[in-house]
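The values are calculated or read from the model by the stated rules, or taken from the named source; none is laboratory data. Since this is a predicted model, take the numbers as computed values, not measurements. For neighbour counting, all protein chains shown are included, and Cβ atoms are generated from backbone atoms with ideal geometry for every residue, glycine included. To get the accessible areas, we keep the full protein, side chains included, count just its heavy atoms, and leave off ligands, DNA and RNA. Shrake-Rupley method; radii C 1.70, N 1.55, O 1.52, S 1.80 Å.
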Amino acid sequence: MAVPRKVAAFRLPPLPTIGEIIKLFRLQAQKQLSQNFLLDLRLTDKIVRQAGELKNAHVCEVGPGPGGITRSILNADVAQLLLVEKDARFIPGLQMLSEAAPGKVHIVHGDILTYKMEKAFPKHLKKNWEDEPPDIHIIGNLPFSVSTPLIIKWLENVSSRDGPFIYGRTQMTLTFQKEVAERLTAKTGGKQRSRLSIMSQHLCTVENCFIIPGQAFVPQPEVDVAVVHFTPLVQPKIQQPFELVEKIVRSVFQFRRKYCCRGIGILFPESERLKKTEQLMMAADVDPTLRPVQLSMSHFRNLCNAYRKMCDEDPSLFAYNYREELRQKKKLPKNTSHSEEIEEENHL
C-alpha cells in the first residue's frame, strides 16, 4: 500500500528580486507620500510571522508597494491575498506576483482610507465577536502620513464592529514610526502616554513586536520603525460610544503638561466651566491635580461614564465645541489652526 506523500508547502517560483523589480519598473519612493521600501526578505518574513498562523488564511495587505511583504505572505501559504495599493506605479509589479500565485491574489487600485472592507472577504469566514478571531488578517508597512488616521479609523470600526471587523475580531499587524508605536503601547505614567494609548488599548490588546532600524528601508527614513500587533478585545474597557470616549481623551491630552482638570474644563461652556468641571471630577472620583499621563484606564472609564450621564441630562452638552467658542470670543478667523488657538489662549 502506497504511503501518501506530504503535500509540499506553497512557494513562489523564482522571481526578480525586489531591487530588480524597482529597477525594472523605474520605481522611486515618493517623499510626499512618505514611502519607504523594505527590501530585506528576512525582515518581511519576520513581520508576517508576527501575524500568527497564516496557512489557508485570508489576508489584506495595505500598501504593498513593490511587493516585499507580499512575497512573504504568499510564502506563508495563504488561501487568498487582497492587495490594496493607491499608487498605480506598483500595479505591474504586483501583477507579476499575482501571475506567480494563480488564483491567490486580488489587486485593488484604491485608497485604503476609503476602500469598503465590509465585502472584502467571503461571508463564511464571519465569526461571532465573542469567538476566537476569524481567519482574516490585515498586514501593512504603512506610509507614515497615513498610519495614524488609518488606525484611528480602524479603531472606530472596532468600536462599531463594522468595516474589516464585521467578520469578527480581525487581527492587524502594522508598521508605525517608533515614536507612534510607543504612544500606542504606552502604560500609565509613561512619557509617551497619549490619546492614541487610550483609544487603542481600551479597544484592543496592543503589542509592540519589534523594531526595524531605519537603515533597512530605501530610502532611509530619519526614524526607526516598529511592528505593532492588534487584537480587538471581546469587551472594550470603556463601554461608551467611540465619539464620546475620543472627545474626553482628546480634551484631556490637549493640555498634557497641565493638571487633567484643565483639559476636562474645555468640555463645558465658559459660563459654567468651573462648576461643571468640579461636578464631573467628583462624580468620576478623579484627582483633578493628576497629569494626563497619570490617568489610568479606570480613570478614563469613570470620566466617560460620568460625562455620559451629564450629557443624558443635558443633550446640548455633547455638541458644545470649545474651539468654536474660543474663535467667537477672540474673533479669530475660521481658518485659524488648532495650535494657533492654543497659543492665542495661553498668551491671553
*Looking at the range 128-175, which of its residues are under 22 Å from Asp77 (Cα atoms) and basic (Lys, Arg)?*
Arg169
*Go through the range 80-100 and give me each residue that's of a type in the set (A, V, I, L, M, F, W, C) and open to solvent by less than 30 Å² (accessible area, probe 1.4 Å).*
Leu81, Leu82, Leu83, Val84, Phe90, Ile91, Leu94, Leu97, Ala100
*Restricting attention to the range 230-237, does a residue exist that is open to solvent by 20 Å² or more (accessible area, probe 1.4 Å) and either closer than 20 Å to Pro149 by Cα or modelled with pLDDT under 95 (or both)?*
yes
_Scan the range 117-125 and tell me whether some residue there is open to solvent by less than 60 Å² (accessible area, probe 1.4 Å), out of contact with any Pro (no Cβ under 9 Å at 6 or more places or on another chain) and among the aliphatic types (A, V, I, L, M)._
no
*Can you name the number of the only condition in (1) crowded, with 21+ Cβ neighbours inside 10 Å; (2) touching a residue at least 60 places away in the same chain (Cβ under 8 Å) that Val105 fails?*
(2)
*Across the range 239-254, what is the number of residues that are within 18 Å of Gly190 (Cβ to Cβ) and open to solvent by 10 Å² or more (accessible area, probe 1.4 Å)?*
1
*Give me a count of the residues in the range 255-279 that are of a type outside the set (Val, Ile, Thr), assigned to a helix (DSSP H, G or I), over 30 Å from the mean Cα position of the chain (by Cα) and closer than 22 Å to Glu324 by Cα.*
7
*asked:* Can you list residue pairs whose Cβ atoms sit under 9 Å apart, with the first residue in the range 284-304 being under 19 Å from Lys191 (Cα atoms) and the second being open to solvent by less than 50 Å² (accessible area, probe 1.4 Å) and of a type in the set (Phe, Trp, Tyr)? Count only pairs 6 or more apart in sequence or on different chains.
replied: Pro292/Phe253; Pro292/Phe255; Val293/Phe253
